[in-house]
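Everything below concerns the one structure shown next.
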Amino acid sequence: MDSAPNSALITARPVLDFPSAQVTEAMNRSFEEYFVPLVFTPETFERRFRSEHLDAQASKLWFQGEELVGLVLIARRGYTSRVAAMGLVIEARGRRYGRQMLQTALDEAHARGDRSVLLEVFVPNERARRLYERLGFRNTRELFTFRRVPQPVKAAAQLTEIDQLAVAYLVAREGEQNLPWMITAESLMAAAAPSRAFGLEEKAFIVLRPEAERTLVQSIIVRREFRRQGWGQRLLQAVEVAFPEQPLMMPMVTQGPGYDFLRAAGWEPLELSLYEMECPL
């Protein structure tokens, strides 16, 4: 991702023009040797980006002739767009294509009337961060991933499985304002199996997705009238009993009450964090 474009050499086509399997292959190739492993099947790709509100017309695959260069995936809600993924295949890296690809996405967002574009970038990825800053992005906050190895207690309360849509509505009504894109009520409303939702005595609730090597926690919320009474802690203890096989992981945690709550519950933030960045248009 160098600063100067080489615009005569690459062209873009909307993701809408391609079958899901081809887009998935492009995604996997564009994120080879990335900071964290990212490997999708068409099913997991569709499930992931469906909940993020991917716009298949605004999202692009980029080519040099017939050879794939990379992709920029754009999610949209209202007047805000988000770069849900941007990557280059190994052979195209270091050839100054990243600026053109992202600038095109910004130009198209401006043309359709968007007011801002968001993205997330790993903090150690200084090369990408410099590119984003040159194009007008600025850090808004740091996002952390928390991890907990289950340590079940003998006398944990029992969880009740419920419709995750009900939890999404509760997050919309009583959750924190301005949550990161991937854990908003809008994202939860679009989530589906294998994600699951559980409640503890109709006071505290969690949405999670069991995976091969981890259990991904997507949301935790306690009804407003029951907060600061220990229900969140009891909920997490019950989750550790119900899902003891794999580590529990919760991404997109911001500094504040949620961060402090997880630390108090014995969860630890991973060293690899993200910056959320925003470009006003």
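Quick notes on this structure:
- Condition check for VAL36: among the β-branched types (Val, Ile, Thr) and at pLDDT below 95: yes
- Some residue of region 58-81 being farther than 22 Å from ALA109 by Cα and basic (Lys, Arg): no
- Residue pairs whose Cβ atoms lie under 8 Å apart, sitting 6 or more positions apart in sequence or on different chains, and linking a residue in region 91-112 that is under 20 Å from GLN64 (Cβ atoms) to a partner that is of a type in the set (Ser, Thr, Tyr) and surrounded by 19 or more Cβ atoms within 10 Å (Cβ to Cβ), are LEU102/TYR132; ALA105/SER81.
- Matching residues in region 42-87 - criterion: being among the hydroxyl-bearing types (Ser, Thr, Tyr) and more than 17 Å from THR24 (Cβ to Cβ): TYR79, THR80, SER81
- Residue match in region 144-160 (condition: farther than 24 Å from MET277 by Cα, over 23 Å from the mean Cα position of the chain (by Cα) and assigned to a strand (DSSP E or B)): yes
- Extreme residue, surrounded by the fewest Cβ atoms within 10 Å (Cβ to Cβ), among residues of region 37-61 that are of a type in the set (A, V, I, L, M, F, W, C) and not in a helix (DSSP H, G or I): VAL39
The values are calculated or read from the model by the stated rules, or taken from the named source; none is laboratory data. Note that the structure is predicted; figures quoted are calculated from it, not measured. Every residue, glycine as well, gets a Cβ built from its backbone with ideal geometry; the counts of neighbours run over all protein chains shown.
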